[in-house]
Amino acid sequence: MGKDMEIRVKSRYLHISPRKLRLIIAMVIGKNALEAEQILRFQTSKGAKMAKNLLGSALAIAKSSEVKEDSFAIRKFICNQGPRLKRGKPGSKGRVMPIARRQSHLELVLSDHPKLLK
């Protein structure tokens with residue numbers, strides 16, 4: 001019995017809030033990789049485009065290793081918080097109102113484990 005193949009890809013310092021990105025990736029966790037790509041293709045949000053690009057990168061790695069792309073499923077898709085860029089906006093009486101520009105880190109793990117594929 002051969003060892004299951006896993007493909008890990010990361011995308012870091014994405015200029016989108018982790019909260020917005022987690023809404024998108026919740027739709028595709030546990031799905032077949034090609035099915036997930038179709039779901040992300042028809043979403044209109046900025047985060048869907050970022051997630052689709054990361055998934056496309058993982059599928060390209062699978063293709064270059066001469067393994068069928070349709071034999072992979074999404075095992076893990078994690079969105080972590082990156083560093084915040086601290087900015088300010090003018091407030092009343094000469095004060096500064098703080099603004100936090102949030103960033104995200106995405107991590108995707110594709111696996112061809114038979115239990116994940118339905």
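The values are calculated or read from the model by the stated rules, or taken from the named source; none is laboratory data. All values reported here derive from a predicted model rather than from experimental measurement. All Cβ positions, even for glycine, are placed from backbone atoms using ideal geometry, and neighbour counts span all protein chains on display.
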Specify which of the listed residues (Ser65, Ser104, Ser71, Ser111) is under 15 Å from Ile7 (Cα atoms), polar (S, T, N, Q) and touching a strand residue (DSSP E or B) at 6+ places or on another chain (Cβ under 7 Å). Ser111
For the stretch 98-113, check the following and say yes or no: at least one residue is over 19 Å from the mean Cα position of the chain (by Cα), free of Cβ contacts under 8 Å to residues at least 12 places away in the same chain and not in a loop (DSSP other than H, G, I, E, B). no
Taking the residues in the stretch 44-92 that are small (Gly, Ala, Ser) and in contact with a His (Cβ under 8 Å, 6 or more places away or on another chain) as candidates, determine which candidate is modelled with the lowest pLDDT. Ala73
For the stretch 68-108, name all the residues that are crowded, with 16+ Cβ neighbours inside 10 Å and of a type in the set (A, V, I, L, M). Ala73, Ile74, Leu106, Leu108
Could you check Leu54 against (1) among the aliphatic types (A, V, I, L, M); (2) within 14 Å of the chain's Cα centre (by Cα); (3) in a strand (DSSP E or B) and say which number it fails? (3)
